[in-house]
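Inspection log for the structure reproduced underneath, given as structure tokens.
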Amino acid sequence: MAKEEEEPLSPMARIFQSSGTDYCTVIIVGFKTKINPDVILDDLKQNVSKHPRISSILAEDGARWIKTLVNVEDHVFVPDIDPDEIGDQGNKFVEDYISRLTMLPLDRSRPLWDIHILNVKTSDAEAAGLIRSHHSLGDGMSRMSLILACTHKSSDPEALPTIPILKRRENVSHGLRNTGWFLSSMFAIYATVRLIWNTIVDLLLLLATVLFLKDTETSLKGGAEAESNAKRFSHRIVSLNDVSLIKDIMDMTINDVLLGVTQAALSRYLNVAHDKTNGNAGTSRPLLNNIPCNVRIRAGILVNLRSEIGVQIRAALFNRLLLSTTAFISNVNGPTEEISLHGHPIAYIAPSVYGHAQALLIHFQSYADKMVISIAVDPTIIPDSHKLCDAMEESLKSMKIALLGKGY
């Protein structure tokens, strides 16, 4: 193989490929029509070779990508499904199928991805396509970019999708700018000092998490055994307009709203879980707080670890972070309009990850006027992910009703 056709792995990709670490991403795409497998295969045959990551295999030393010829038929699976046998259990069939798939490793003698076409009607779509790939191929944004590159607007088949432009939030309000240079300068100094202080605090908390600081053991907390357990995936579609409404009224960001919804939902879930643990299920008042005091629940974070410290050390630090925290939360921007894949209109996009030590992962994916809440759980720890989806939806509705009730 020519040298120019080999490419080294990035530091983060080396972590995902290290011994004892096997993270895979799954993107569930719901379609408004049945999927024609031949159309998907033809498109892949024409375009796979244009993308180096998905047309390369991993070298034996795990440090390089090697370009190879891809037999697309080896990567696309279309199971024979009897609609009459499934009936109205389409959601369960898709969830069971993906859960079983998390126990089947990707073939490392081929490029590390596959596609599964499930022509099964669910509550949100007429069919579902599952894109599975190793996390070393890229992050959530790279996956979304690849999907957008293969699609067009449903309203205009010749136009490419549009993604929202991130607007920088102003640190100095309009009122302060009009008060003169002195007050504006003082505010700028204060904002800079606060930024430095918060950065120092975050670094100290990160170091403490790696060394000794762990989340409280709750009914949401996973562990090392969760890495090898099967995962279950579910999602809930809510209105992006509702999220934007709360954002505008409260003068905050979309991420602030989503984190607030998550915190409220986890509180609801834990409140019910501790109510049952105490033997009071169904007897406590709605406003009674059953959660113990001083419970620490944090979301995992990704950091850019320098390559000089070695792959195994970086992987150990990364895994230590995941073991010490309860959940992982991610937010990915999607297209602002509905899109289609070669004549197949897309109903929703729900990304997630498996192979991690955490029992709970929450991904937020915007799509047109929708916000898709995608949840992955270890069913041995969190037996019913749909209850978490319900809690997320109810928390968002409660926030909206509370704000509208105050006359906003």
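The values are calculated or read from the model by the stated rules, or taken from the named source; none is laboratory data. Owing to the predicted nature of the structure, the values given are computational and were not obtained by experimental measurement. Cβ coordinates were reconstructed from backbone atoms using ideal geometry, including for glycine residues, and neighbour counts include every protein chain displayed.
Restricting the search to segment 383-406, which residues are within 16 Å of residue 361 (Cβ to Cβ) and touching a strand residue (DSSP E or B) at 6+ places or on another chain (Cβ under 6 Å)?
385, 386, 388, 389, 392
Filter segment 52-61 for residues that are modelled with pLDDT under 90 and in contact with a helix residue (DSSP H, G or I) (Cβ under 7 Å, 6 or more places away or on another chain) and give the result. So that I can check it myself, show each step before the final result.
Step one: of segment 52-61, the residues modelled with pLDDT under 90 are 52-53, 58-61.
Within segment 52-61, 53 is the sole residue that qualifies.
Of everything in segment 47-72, what is of a type in the set (Gly, Ala, Ser), free of Cβ contacts under 8 Å to residues at least 40 places away in the same chain and in a loop (DSSP other than H, G, I, E, B)? Give them in sequence order.
Looking only at segment 47-72, we keep the residues that are of a type in the set (Gly, Ala, Ser), and these are 49, 55-56, 59, 62-63.
From what is left, the residues that are free of Cβ contacts under 8 Å to residues at least 40 places away in the same chain are 49.
Residues satisfying the conditions do not exist here.
In segment 369-408, how many are out of contact with any helix residue (DSSP H, G or I) (no Cβ under 6 Å at 6 or more places or on another chain), part of a loop (DSSP other than H, G, I, E, B) and surrounded by 18 or more Cβ atoms within 10 Å (Cβ to Cβ)?
Count: 2.
Only one of these is closer than 22 Å to residue 385 by Cα, buried (at least 21 other Cβ atoms within 10 Å of the Cβ) and among the aliphatic types (A, V, I, L, M): 118, 104, 112, 130. Name it.
Numbers: 104 fails: buried (at least 21 other Cβ atoms within 10 Å of the Cβ); 112 fails: closer than 22 Å to residue 385 by Cα; 130 fails: buried (at least 21 other Cβ atoms within 10 Å of the Cβ).
The conditions single out 118.
When you check residue 183 against the structure, is it exposed (fewer than 13 other Cβ atoms within 10 Å of the Cβ) and either of a type in the set (Asp, Glu) or out of contact with any strand residue (DSSP E or B) (no Cβ under 7 Å at 6 or more places or on another chain) (or both), yes or no? Don't jump to the end; show me each part of the working.
On the way: exposed (fewer than 13 other Cβ atoms within 10 Å of the Cβ): no; either of a type in the set (Asp, Glu) or out of contact with any strand residue (DSSP E or B) (no Cβ under 7 Å at 6 or more places or on another chain) (or both): yes.
Taking the combined requirement at face value, the residue does not satisfy it.
Scanning for something in contact (Cβ under 8 Å) with a residue 24 or more places away in the chain, surrounded by fewer than 15 Cβ atoms within 10 Å (Cβ to Cβ) and not in a strand (DSSP E or B), does segment 233-245 turn up at least one residue?
Yes, some residue in segment 233-245 is in contact (Cβ under 8 Å) with a residue 24 or more places away in the chain, surrounded by fewer than 15 Cβ atoms within 10 Å (Cβ to Cβ) and not in a strand (DSSP E or B).
Sort through 90, 62 and tell me the only one that's at positive phi and either among the small types (Gly, Ala, Ser) or surrounded by fewer than 16 Cβ atoms within 10 Å (Cβ to Cβ) (or both).
Numbers: 90 fails: at positive phi.
On inspection, the qualifying residue turns out to be 62.
If you scan segment 28-57, which residues turn out to be more than 22 Å from residue 10 (Cα to Cα) and crowded, with 18+ Cβ neighbours inside 10 Å?
Within segment 28-57, the first condition is being more than 22 Å from residue 10 (Cα to Cα), and the residues that meet it are 28-47.
If the condition is that a residue be more than 22 Å from residue 10 (Cα to Cα) and crowded, with 18+ Cβ neighbours inside 10 Å, then 28, 29, 30, 31, 35, 40, 44 are the ones that fit.
Take segment 73-91 and flag every residue that is closer than 29 Å to residue 45 by Cα and part of a loop (DSSP other than H, G, I, E, B).
75, 78, 79, 80, 81, 82
Could you list all residues from segment 154-196 that are in a helix (DSSP H, G or I), at pLDDT 80 or above and not hydrophobic (A, V, I, L, M, F, W, C)?
Listed by number, the residues that qualify are 185, 190, 192, 194.
Could you count how many residues in segment 108-147 are assigned to a helix (DSSP H, G or I) and either modelled with pLDDT of 90 or more or more than 18 Å from residue 32 (Cβ to Cβ) (or both)?
Taking segment 108-147 as the starting set, the residues that turn out to be assigned to a helix (DSSP H, G or I) are 135-137, 140-147.
Restricting the remaining residues to those that are either modelled with pLDDT of 90 or more or more than 18 Å from residue 32 (Cβ to Cβ) (or both) gives 135-137, 140-146.
The number of residues fulfilling the criteria is 10.
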